[in-house]
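**Q** Structure provided below as structure tokens; questions to follow.
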Amino acid sequence: MQQLHLVDVFENEDGITFGASDDAPIYLDLLQAPYSVALKERAQWMADRFANEPAAAMRRKMEQRIGRWTADFRVDQLFTGARA
């Protein structure tokens, strides 16, 4: 948290204390934003959905989806003139 500048360190006669930095409220707001909440819900759905599946089965499903998305992106690149 210190690397993200969310915590300030204070040295005083009692020792070292920690406190929230000025940036901490902004970060907490981001964690509670609708997008973040929806992302956490989707992550929980994935964990529940695939918890009892073998890793190979999950990998196969992911590759099927990613393969299709990759093809979609390549088509978009061809239309915009970008090189693959």
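Derivation of every value follows stated rules applied to the coordinates shown; laboratory data play no part. In this text the structure is predicted, and so the values were computed from the model without any measurement. Because the Cβ atoms are built from the backbone with ideal geometry, glycine has one as well, and the counts that use them run over all protein chains shown.
**Q** May I ask you to list the residues in region 9-41 that are surrounded by 10 or more Cβ atoms within 10 Å (Cβ to Cβ) and either part of a strand (DSSP E or B) or in contact (Cβ under 8 Å) with a residue 40 or more places away in the chain (or both)?
**A** Val9, Phe10, Thr17, Phe18, Ala20
**Q** Just give me the residues in region 42-68 being among the charged types (D, E, K, R) and either more than 17 Å from the chain's Cα centre (by Cα) or not in a helix (DSSP H, G or I) (or both), in sequence order.
**A** Selection gives Asp48, Arg49, Glu53, Arg59, Arg60, Lys61, Glu63, Arg65, Arg68.
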